[in-house]
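S.K.: Quick one: structure below, then a few questions.
The values are calculated or read from the model by the stated rules, or taken from the named source; none is laboratory data. Just so it is clear, the structure is predicted and the values come from calculations on it, not from any experiment. Note that we place each Cβ from the backbone using ideal geometry, even for glycine, and neighbour counts take in every protein chain shown. Side chains are part of the model used for accessible areas, which takes the heavy atoms of the whole protein and leaves out ligands, DNA and RNA. Shrake-Rupley method; radii C 1.70, N 1.55, O 1.52, S 1.80 Å.
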Amino acid sequence: MNSQGYARSQGQTEEDQRGSLGSAVGGSSNRNVSGPSGQRRLGGAGGGGISSIELSIQGMHCAGCASRLEGALRLVPHVQEAVVNFATATARVGFEGSGDTAAGSAQIISAVEKAGFHAVIRTSSDFEPEGAVDLLKQAELKLARFRWLVAVSGFLPLALLSMSAHAGLWAGLAHIPGAWLVEALVSGLVVLWAGAGILRAAFSSLLRLSPDMDTLVGGGAILAWGGSVLESLNGGGHHGSYFEAAAGIVTFALLGRWLEAMARSSAGAAIQSLAELQPGTAFVERDGVRVEVPIREVQKGMIVQVAPGERIAVDGEIVEGDTFVDESWVTGESIPVKRKAGDAVVGGTINGAGALRVRVMATGRDAFLQQVVAIVREAQSTKPPIQRLADVVSGQFSLGVLGVAVLTVTLWWWGGDGPLAMKNAFWHGLSVLVVACPCALGLATPVAVLVGSGTAAKRGILFRSGAALESLSKVKQSVFDKTGTLTVGRMEVVEWWERELFHRQVLGWVAAAEEKSAHPIARAVLYSAKKDGVRISKDVTSVEAVPGTGLKAVVEGRTLLIGNVNLMQVSGVALPEPSHLPHEEKIWVAVDGEFAAWFRVADRMREEAPEVVEALKELGIRSVLLTGDHAQVAASIAAAVGILEVRAGVRPDGKRDAVMELQKAGGPVLMVGDGINDAPALAQADVGVAMGGGTAVARQTADVTLMRDDLRSLVEAIDLSKRTLRVIRQNLVFAFGYNVLALPLAAGVTESLGWSPGPVVASAAMALSSVSVVLNALRLRVPREFRVH
């Protein structure tokens, strides 16, 4: 900025423009306006709009379940949107909210129950985002583990007896009277009790004429056990039974579901770890007494006491105390920052050595931590476009497998010869039923989104949807705003020259004169003086603005003139010869009529900006600077950071048009901005990215928010999105490949080679296939230090 800038209007203050630390997500976004009992109001505040509820679903065991439930929910009157996520076992339903929202919620829950599942509305408490849902999940895991232990206890003896008999080690087994009855009872315990949940779900899906994974596994197990009982009653004895196969099918199915549930729970640990940052209680002041209360009872305006070393329980403003606060979960910075009276603090951060009194400024879903949890949860519940094919296939998968099983039995029966024809047909048909795995298809994409978005959140990167996570990996162009994006968005003194005669006192005098002013140059001087630890005098006798040129002040008895070259000339102050900068680009200071110092202020470029632009170039992404500032200033910043294409003097609507033009010419566009004037362009871009320190409007419009307010997070976000998409593709290839290979093998195409998987091996393969895609996705949790060069 040249010295003429001293006469410009001050506009918004830095705090007005950039917001506080606690607003890095934006509390008023329509995406997160909440109502009672887990409901959210989307759209305006009027009587129309759409209400949205989130449900935790129990009883889903495959992608077919999720697809069927989605279909059932969309048939509910007034439902506008239904998204069921198998990986997270959740459903998000949007319905017309002009009527009774409680009645609408009841209709939706009723539809879930009729579809054969159980629903719990998520977030019954503002401060316990998982609440009863977590207890249900834990109970399900314990029950799944217990049923599997019962199943494996029955299956192992049956398997050992069967192998011994077939190997001739216990040839007399078939001739022991009633031996088959013991096997039938043990196998029946496994199938009918341990596998009771599978059988109930299978029967329910058959009644609805919508077969799913439970139909395949439960049908296979009951056919194997029932057929063995009939064969034994007809005198077939041990050699004609499949008791161990029936028990094995259930045992491996239960093992797979238990392992899968644990892996999915681990995949969703990011939300839980965020939620755990919220202390369960807070110490509030009541009639001068320190009282511990549940966090849900804390209200806005209360005073909360925070002892040294405690985690701060609320978003608020310090009214008393001086400390250092560990804000690493918010900003990613491991070094604690100094906080004093008047500063904002965020719930979940850790207080240092000082005791604090904090006035509560936000509670419940308005709190920063709760907004972060809500955004991550929303991202994990949405589906990226790449999932569409898997949804289409998995939705009809079980019906297709039943058809393949019937065809397999028919071909083996008709093509066989002798008494073994029926047995071979039954054996291969059973294998086909239990080897297929729509679970792997259903988990391939959502579990990767679950882990990827959760990992990003822990790194200070908030994705608003799975689609954004996918789209970011495909961008070809990055468009940067200048102020607050490539620059820090704060005027600073970038050059200062002072005559030795004044012994480094002038900056303190100037800061004292400027202390009461809100002018950007005044704020820049104050910031630099405080940063350098300069003593700011309190002996200020008078301060007088000189319109268009600067100001006049008396500090410690000395008369100061601070302003542009015109002020110096009019006041008769002799200036030195021009140096590397023209006189017009400097702000001058005279003390008692004698030249004392000059300085220059500017919006400093972010230190990491050149590295980030170079890293994007290495990723094949070209960068463009798009700003409303003057061409000369824009060109200077662009040259400093390494951007070749500059579009300056662009209005907000022009920024949107420029993004549209770039999209048509060069492919998907990433827009990075922080101001109100960036909102149209952020909305138009394929992926809008908001800086965490920017305005609320920018953050609400963007698809991704960088909470650390550091451009290096942008490169990290792109890298993570590419890794996530790579994992999704790997999972889909494996899931499709597994089923394409497993079905023919189970049908007996390798029988001529002397081997084909039986039902037990098929069940084990089915169980491990779904676990494998989850474990592959969990690789995204391993931190990767992505360094820009």
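S.K.: Restricting to segment 200-218, name every residue that is at pLDDT below 80 and part of a helix (DSSP H, G or I).
M.R.: Ala201, Ala202, Ser204, Ser205, Leu206, Leu207, Met213, Asp214, Thr215, Leu216, Val217
This table checks each residue for (1) buried (at least 19 other Cβ atoms within 10 Å of the Cβ); (2) at negative phi.
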residue: Gly557; (1), (2): no, no
residue: Asn564; (1), (2): yes, yes
residue: Met568; (1), (2): yes, yes
residue: Ala590; (1), (2): yes, yes
residue: Met605; (1), (2): no, yes
residue: Lys617; (1), (2): no, yes
residue: Ile637; (1), (2): yes, yes
residue: Ile643; (1), (2): yes, yes
residue: Asp657; (1), (2): no, yes
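S.K.: Here's a follow-up. When you scan segment 730-764, how many residues do you find that are open to solvent by 10 Å² or more (accessible area, probe 1.4 Å) and under 27 Å from Leu670 (Cα atoms)?
M.R.: Here the count works out to 2.
S.K.: Can you list the strands (runs of 3 or more DSSP E) lying wholly within segment 456-545 that have 1 or more residues being crowded, with 22+ Cβ neighbours inside 10 Å and modelled with pLDDT of 90 or more? Show your work before the answer.
M.R.: On the way: elements: 461-463, 477-480, 487-498.
Correct list: 477-480.
S.K.: Hey, which of the strands (runs of 3 or more DSSP E) in segment 269-369, taking only ones fully inside, have at least 2 residues that are open to solvent by less than 20 Å² (accessible area, probe 1.4 Å) and touching a residue at least 12 places away in the same chain (Cβ under 8 Å)? Don't jump to the end; show me each part of the working.
M.R.: Details: elements: 281-286, 289-294, 303-306, 315-320, 322-326, 337-340, 356-362.
Answer list for segment 269-369: 281-286, 303-306, 315-320, 322-326, 356-362.
S.K.: In segment 276-318, which residues are among the acidic types (Asp, Glu) and more than 29 Å from the chain's Cα centre (by Cα)?
M.R.: Once the filter is applied, which keeps residues that are among the acidic types (Asp, Glu) and more than 29 Å from the chain's Cα centre (by Cα), segment 276-318 yields Glu285, Asp287, Glu292.
S.K.: So, one more: Can you list residue pairs whose Cβ atoms sit under 6 Å apart, with the first residue in segment 411-423 being at pLDDT 75 or above and the second being polar (S, T, N, Q)? Count only pairs 6 or more apart in sequence or on different chains.
M.R.: Trp412/Asn424
S.K.: Please verify whether segment 722-729 includes one or more residues that are more than 24 Å from Ala615 (Cα to Cα), open to solvent by 40 Å² or more (accessible area, probe 1.4 Å), at pLDDT 80 or above and assigned to a helix (DSSP H, G or I).
M.R.: Yes: one or more hits.
S.K.: Next up: Considering Asp719, Asp710, which residue is part of a loop (DSSP other than H, G, I, E, B) and either closer than 26 Å to Pro446 by Cβ or of a type in the set (D, E, K, R) (or both)?
M.R.: Numbers: Asp719 fails: part of a loop (DSSP other than H, G, I, E, B).
One residue alone meets the criteria, Asp710.
S.K.: Name every residue in segment 570-588 that is out of contact with any Leu (no Cβ under 8 Å at 6 or more places or on another chain) and surrounded by 17 or more Cβ atoms within 10 Å (Cβ to Cβ), in order of residue number.
M.R.: Glu585, Lys586, Ile587, listed by residue number.
S.K.: For Leu567, state whether it is touching a helix residue (DSSP H, G or I) at 6+ places or on another chain (Cβ under 6 Å) and more than 21 Å from Val633 (Cβ to Cβ).
M.R.: Details: touching a helix residue (DSSP H, G or I) at 6+ places or on another chain (Cβ under 6 Å): no; more than 21 Å from Val633 (Cβ to Cβ): yes.
No.
S.K.: Please tell me if Thr695 is under 20 Å from the mean Cα position of the chain (by Cα) and either at pLDDT 85 or above or under 19 Å from Val372 (Cβ atoms) (or both).
M.R.: So Thr695 fails the test.
Matching residues to (1) surrounded by 18 or more Cβ atoms within 10 Å (Cβ to Cβ); (2) at pLDDT 75 or above; (3) over 44 Å from the mean Cα position of the chain (by Cα):
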{"site": "Gln138", "(1), (2), (3)": "no, no, no"}
{"site": "Ala144", "(1), (2), (3)": "yes, yes, no"}
{"site": "Leu156", "(1), (2), (3)": "no, yes, no"}
{"site": "Leu160", "(1), (2), (3)": "no, yes, yes"}
{"site": "Met163", "(1), (2), (3)": "no, no, yes"}
{"site": "Gly168", "(1), (2), (3)": "no, no, yes"}
{"site": "Gly195", "(1), (2), (3)": "yes, yes, no"}
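S.K.: Anything in segment 658-679 that is assigned to a helix (DSSP H, G or I) and closer than 22 Å to Lys474 by Cβ? List them, or say none.
M.R.: Ala658, Val659, Met660, Glu661, Leu662, Gln663, Lys664, Ala665, Gly666, Asp678
S.K.: Can I ask one more? Exactly one of these conditions fails for Ser98: (1) assigned to a loop (DSSP other than H, G, I, E, B); (2) at negative phi; (3) at pLDDT 75 or above. Give me its number.
M.R.: With respect to (1) assigned to a loop (DSSP other than H, G, I, E, B); (2) at negative phi; (3) at pLDDT 75 or above, Ser98 is out only on (3).
S.K.: Same structure, new question: For Gln632, work out the one condition from (1) crowded, with 24+ Cβ neighbours inside 10 Å; (2) under 25 Å from Arg523 (Cα atoms) it doesn't fulfil.
M.R.: Among (1) crowded, with 24+ Cβ neighbours inside 10 Å; (2) under 25 Å from Arg523 (Cα atoms), the lone unmet condition for Gln632 is (1).
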